[in-house]
Amino acid sequence: MDADAEVVLHAPPFLRIFKSGRVERLLGNEVLPAGLDPATGVVSKDVLIDPATNLVARLYLPDLAGSPTDRKLPVLVYYHGGGFVIETAFSPTYHNYLNSLVAAAGVVAVSVDYRRAPEHPLPAAYDDSWAALRWVASRPPAEEWLAERGDLGRVFLGGDSAGANIVHQVVLRVAAEGLGGGAAIKGLLLFHPYFWGAEPLGSESQDPETRAGPEKIWSLVCPGTAGPDDPRLNPLAEGAASMTGLPCRRVLVTVAEEDILRERGRAYYEALERSGWEGEARLMEAAGEQHVFHLRNPKSEKAVSMMQAVVSFLTCD
């Protein structure tokens with residue numbers, strides 16, 4: 001059989017890998033260009049951060065017509081989801097979501113297009129995400145949206161699914177290494193975080209086939225992993241970094257009732273509350289909803305409610 005036609009790994013609904021090494025992604029391949037969004041007045045552009053790794057981010061600026069020229073805006077650094085293997089910062093799902101969020105909250109957003117597995121296994125996505133945040137904190141003088149409009153004393157990290165996993169890893173690195181430049185993380189947004197573990201939690205399924213799904217993706221994106229209790233996948237596992245010193249004041253964790261990952265998000269929130277961390281944490285659960293429902297159906301009643309909560313989180317002093 002032709003090596004470019006022989007499938008050696010099928011991981012629905014994400015991708016297929018062929019014997020030749022070719023990767024066929026089954027979702028998240030469509031892209032939208034940056035530019036003015038007529039519906040919201042938000043303008044976006046793509047910026048090359050690191051030529052060595054081809055690290056790119058899409059920046060978003062809200063319509064500032066009539067605003068004082070010295071008005072400073074919070075900065076949201078966003079990490080997209082997709083199991084570390086699909087979607088990009090340029091996907092319609094994320095481009096449209098960030099246009100809406102930036103318009104509603106009045107923030108500057110930096111959507112990071114990190115390298116994806118399996119071509120670039122972890123920690124590539126973590127390293128890119130950290131590099132992008134460090135770039136933001138450096139106040140790049142050539143990027144006036146950040147240098148002139150961004151308030152780097154009010155930086156938020158946000159992400160969904162795998163992106164929420166990245167948020168946790170990046171903030172741990174901030175705690176360990178600092179950011180410099182006067183930049184400070186004010187809050188974290190973890191939407192339906194991709195965390196897992198060897199032992200079922202709460203109402204989590206005990207069916208081995210069901211539990212194999214998250215574990216199969218993890219073994220693909222992180223070869224040589226210690227398994228589902230790897231602290232990068234299970235932040236509550238033995239040996240995982242303490243949450244006590246998270247360098248932010250607020251955390252919002254959202255979960256969905258019908259999401260296989262729900263119990264992990266709840267456990268993360270509860271562990272944060274028990275840790276001795278001195279900030280304020282909030283858990284928001286959507287009844288009857290699936291994983292990242294707010295991206296799939298952004299005009300639904302619960303998605304609108306979630307957007308309102310996120311806007312309040314980003315704008316509340």
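Against the conditions (1) among the aliphatic types (A, V, I, L, M); (2) over 14 Å from the mean Cα position of the chain (by Cα); (3) within 18 Å of Leu246 (Cβ to Cβ), where does Leu152 fall short? Just the number, please.
Looking at each condition in turn, Leu152 falls short on (3).
Residue by residue through the range 114-125, note down the ones that are small (Gly, Ala, Ser) and either open to solvent by 50 Å² or more (accessible area, probe 1.4 Å) or part of a helix (DSSP H, G or I) (or both).
Passing the criteria: Ala124, Ala125.
Looking at Leu295, Leu283 in this structure, which one is outside any loop (DSSP other than H, G, I, E, B), over 22 Å from Thr93 (Cβ atoms) and either in contact with a Phe, Trp or Tyr (Cβ under 8 Å, 6 or more places away or on another chain) or at pLDDT below 95 (or both)?
It is Leu283.
Is it the case, given these coordinates, that Phe84 is at pLDDT 90 or above, more than 27 Å from Ala131 (Cα to Cα) and open to solvent by less than 20 Å² (accessible area, probe 1.4 Å)?
Spelling it out, it is not the case that Phe84 is at pLDDT 90 or above, more than 27 Å from Ala131 (Cα to Cα) and open to solvent by less than 20 Å² (accessible area, probe 1.4 Å).
Out of everything in the range 198-241 that is surrounded by 12 or more Cβ atoms within 10 Å (Cβ to Cβ) and charged (D, E, K, R), what residue ends up being farthest from Arg266 (Cα to Cα)?
Within the range 198-241, the match that is farthest from Arg266 (Cα to Cα) is Lys216.
Taking the criterion of being touching a Phe, Trp or Tyr at 6+ places or on another chain (Cβ under 7 Å) and farther than 22 Å from Gly245 by Cβ, would at least one residue in the range 164-181 satisfy it? Show your work before the answer.
The initial filter retains those residues of the range 164-181 that are touching a Phe, Trp or Tyr at 6+ places or on another chain (Cβ under 7 Å), namely 164-167, 169-170, 173.
When the remaining residues are screened for being farther than 22 Å from Gly245 by Cβ, the result is none.
No: zero hits.
In the range 135-150, which residues are crowded, with 17+ Cβ neighbours inside 10 Å and either out of contact with any strand residue (DSSP E or B) (no Cβ under 8 Å at 6 or more places or on another chain) or not in a loop (DSSP other than H, G, I, E, B) (or both)?
Quick first cut of the range 135-150, residues crowded, with 17+ Cβ neighbours inside 10 Å only: 135-137, 143, 145-146, 149-150.
Residues satisfying the conditions are Trp135, Val136, Ala137, Trp145, Leu146, Gly150.
For Asp128, work out the one condition from (1) part of a helix (DSSP H, G or I); (2) open to solvent by 50 Å² or more (accessible area, probe 1.4 Å) it doesn't fulfil.
Of the numbered conditions (1) part of a helix (DSSP H, G or I); (2) open to solvent by 50 Å² or more (accessible area, probe 1.4 Å), the odd one out for Asp128 is (2).
In the range 292-317, which residues are under 28 Å from Ser242 (Cβ atoms) and surrounded by 13 or more Cβ atoms within 10 Å (Cβ to Cβ)?
Passing the criteria: Ala309, Val310, Phe313, Leu314.
Restricting the search to the range 37-68, which residues are surrounded by fewer than 12 Cβ atoms within 10 Å (Cβ to Cβ) and outside any loop (DSSP other than H, G, I, E, B)? Spell out how you get there, then give the answer.
If we filter the range 37-68 for residues that are surrounded by fewer than 12 Cβ atoms within 10 Å (Cβ to Cβ), which is where we start, we get 38-39, 48, 51-52, 54, 65-66, 68.
If the condition is that a residue be surrounded by fewer than 12 Cβ atoms within 10 Å (Cβ to Cβ) and outside any loop (DSSP other than H, G, I, E, B), then Leu48 is the only one that fits.
Among the residues of the range 69-81, are any assigned to a loop (DSSP other than H, G, I, E, B) and either in contact with a Cys (Cβ under 9 Å, 6 or more places away or on another chain) or small (Gly, Ala, Ser) (or both)?
So in the range 69-81, the residues assigned to a loop (DSSP other than H, G, I, E, B) come out as 69-72, 80-81.
If we keep only those that are either in contact with a Cys (Cβ under 9 Å, 6 or more places away or on another chain) or small (Gly, Ala, Ser) (or both) too, we end up with 81.
The answer is yes; a qualifying residue exists.
The values are calculated or read from the model by the stated rules, or taken from the named source; none is laboratory data. Just so it is clear, the model here is predicted, and its values are computed rather than measured. All Cβ positions, glycine included, derive from the backbone under ideal geometry; neighbour counts span all protein chains shown. What goes into the accessible areas is simple: the full protein's heavy atoms, side chains included, and nothing from ligands, DNA or RNA. Shrake-Rupley method; radii C 1.70, N 1.55, O 1.52, S 1.80 Å.
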